[in-house]
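These notes concern the structure reproduced below.
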Amino acid sequence: MTQIRDIAVKVRSKNAGPFWVTIDIFCGSEPAFDQIVKSLSTDRVASLFQCEVKTIKRFDIPSLNVVKFSFPRPHIQGAVSDRDMHGAAWAPLLAELDLN
Amino acid sequence: MTRVLIPSGALGLGYDADALARGIALGVDLIAIDGGSTDSGPSYLGRGVSKYARASTKLEWQGLILARAKAGCPLVIGTAGTCGSDSMVDWLVEITQEILKEQGLSAKIATVKSEQPALRVTDALVAGTISALPAAPEISADIVNGCSHIVALAGIEQISAALQTGADIIIAGRTTDTAIIAALPIMNGINPGPAWHGAKIGECGALCATNPQSGVITVDFDNDGFTITPLAEGAHATPHTVSAHMLYENTDPFILYEPGGHLDVTDAQYTALDDTRVRVTGSIWHPSTRYTVKLEGARVAGYQSIIMVLVRDAHYVENIQKWCDDIIAKHCEKACARLTLTPDDFSVELRIIGQNATLGEIETRESTLAEVGVLAIVTAADQETAGNIAKLLNPYLLHHPLTQLEEQPTFAFPFSPAEIDRGAIYEFVLNHVMVLDDPMDAFVLTVLP
């Protein structure tokens, strides 16, 4: 089974302010970009992160071979229940997702 | 043309001194550096303190003050001391005066303070001039009044006002990362589209180039566009590194909201001038009808004590979740009884390091581990209570058996005392904008004598 990390150059996640997280998949090439765009639905991303699909902003950016997702943090940055101050750990979870 | 030099993404991260000297030799109109952001969490704004050591801040700031003296241009810092509170502006002023004295230099200093009295914000709430941004929490006058610090993010108007005083060094409280860079080109009459876009690309220094830790870049602004030049040996900007920087810490890679309008880079063109420099054109600025500034506020969310325990016994590693659940239930009962509390008065979390401490319920990977760490986090209304709850947790984490049938186990505490008091913890409570009739209404500009 192919995972996103097997064909993408880099997946990173970071806060976009204290209330949002943003994840960038740097696909690195047009074929990898096409494959990821085709086989990674926003529904699957929502299910992976257990958030509502309508809260996810998705950007497929062919000029950069990048797929980007932004969504509200499930816990506000630094809240008692927050586990990840900089929003670093969403990236490896997505990178390990099997592509259909 | 207006040339702005950006030494690095933040004061405290370090910069390449040779690259800085090369930049100054080229001739620059402004040196601009960011001093912080919310990215390190709410404690810094909550307490009004810097995340960086004073010694690092002083050393790096001194290098920039000396570079400024050589260049004969203004030096501006935004979001002084990580959070941009008034206390941090005063802190950096003190460091600046120390440096000037030690170096036998003189300079005219102006400050822009961004801190907001709670009354201004609660009045604005009543007047209906505060709006929630997407994913903002609910707010009320009580929440606003409970904040230990509230800051508003200054834009180019406040920085321009400071530049117009003829100050050599401008120390600003909270500003947008971009405003300190965009203010001068816009003041010089340059089209705000390229000015804001170049500022956004440049705000993290060489993060928009290869070798991002080298820091120093220049942005040359003109009416049609801007040119990015990284100055460290071996650092190159390419259309890819430059355009990709719009992705960084932005929910939308094409639109950027700022006080007074928004930037749209959907149709921007990125062109390599050579193997180091990139030229960008086609960025558009859309002014808004109302002038708004974003607010940030932090308040105390409780007091914490933590304990870390390491579990190496394979039987317990295999059953760690059950062990934790059992401890939580037994400890809660005991804490309520002995400290006369109800379960709503405090929270105890046991995060299993090695299993799902970073991602919690959404973790998808399972693996066999040699050991796990258990991070116990106790949160209560005051430190004494949090500490006492943690003390009641201590014997469980040290000796709790999975069943009554087994011998009493002992687990590894790395520290004595095992409990660590964390003091007050803070939370961000504002993700809102406030309308201002005049951009200076919520900011205080002072030229120091």
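No lab work stands behind these numbers, since they all come straight from the coordinates. Values in this document were obtained by computation on a predicted structure and should not be read as measured data. Cβ: placed from backbone, ideal geometry, glycine included. Neighbour counts: every protein chain shown.
Between the helical axis of B:383-399 and the longest alpha-carbon principal axis of chain B there is an angle of about 50 degrees. Normalised by residue count, segment B:184-261 yields a Cα convex hull volume of 93 Å³ per residue.
Here is how the number arises for chain A: DSSP H runs of 4 or more residues each give -39500 (n - 2.57), the sum is divided by the residue count, and the result at 222 nm is -7000 deg cm²/dmol. Simple point charges give the picture: +1 on the Cβ of Lys and Arg, -1 on the Cβ of Asp and Glu, and for chain B a dipole about the Cα centre of about 840 debye. Please report how far the C-alpha centroid of segment A:86-100 lies from that of segment B:86-126, rounded to the nearest whole angstrom. Each part reduced to its Cα centre gives a spacing of 41 Å.
Calculated [222 nm] ellipticity per residue, helices only, for chain B: -9500 deg cm²/dmol; basis is -39500 (n - 2.57) per DSSP H run with n ≥ 4, divided by all residues, nearest 500.
With Cα atoms defining each centre, segment B:129-202 and segment A:3-25 are spaced 27 Å apart in the structure. Dipole magnitude for chain A: computed about the Cα centre from +1 point charges on Lys and Arg Cβ and -1 point charges on Asp and Glu Cβ, it is near 260 debye. Think of the protein assembly as shown as having a plus end and a minus end, set by charges on the Cβ of Lys, Arg, Asp and Glu; of B:Gln383, B:Val293, A:Asn65, B:Val293 sits farthest toward the positive end of this dipole.
With just the Cα atoms defining each centre, how far is segment B:359-436 from segment B:268-310? Give it in Å. Between the Cα centre of segment B:359-436 and that of segment B:268-310, the gap is 32 Å. Candidates B:Ser50, B:Gly81, B:Gln62 compared by Cα position along the dipole of segment B:18-94: farthest toward the positive end lies B:Gln62, with charges placed on Cβ.
Lysine pair count for chain B with Cα-Cα distance under 21 Å and sequence separation of 8 or more or different chains is 13. Within the same chain, aspartates and glutamates fewer than 8 places from A:Lys57 are excluded, and of the rest, those with a Cα less than 13 Å from its Cα are A:Asp24, A:Asp43, B:Asp252.
Take every Cα pair under 8 Å whose residues are at least 6 apart in sequence, average their separation, divide by the length of segment B:41-127, and the relative contact order is 30 percent. Using every pair of separate Cα atoms, the Kirkwood estimate puts the hydrodynamic radius of segment B:116-257 at 17.3 angstrom.
Dividing the radius of gyration of the alpha carbons in chain A by their Kirkwood radius gives 0.96 for Rg/Rh. Magnitude of the charge dipole for segment B:93-194, about its Cα centre and with charges confined to Cβ atoms of Lys, Arg (+1) and Asp, Glu (-1), is about 200 debye. With Cα atoms as the point set, the radius of gyration and Dmax of segment B:55-122 evaluate to 13.6, 46 Å. Once you divide the Cα radius of gyration of segment B:152-231 by 2.2 N^0.38 Å, the number left is 1.09.
Express the relative contact order of segment A:4-95 as a whole percentage, based on alpha carbon pairs under 8 Å and six or more residues apart in sequence. 37 percent.
If one takes the longest principal axis of the Cα atoms in chain B, at what angle in degrees, from 0 to 90 and to the nearest 10, does the Cα axis of helix B:118-127 lie? For B:118-127 against chain B, the angle is about 80 degrees. Our summary gives segment B:329-386 a relative contact order of 39 percent, counting only alpha carbon pairs under 8 angstrom and 6 or more residues apart. Among the residues of B:248-260, the average count of other protein chain beta-carbon atoms within 10 Å of the residue beta-carbon is 4. Between B:Glu407 and B:Ala135, residue separation times 0.36 nm minus the direct Cα-Cα distance comes to 92.9 nm. The alpha-carbon atoms of the protein assembly as shown, seen along their principal axes, cover 80, 59, 48 angstrom, with the largest extent given first. Peptide A:12-24 has a mean shielding of 6, counted as Cβ atoms of other protein chains within 10 Å of each residue's Cβ.
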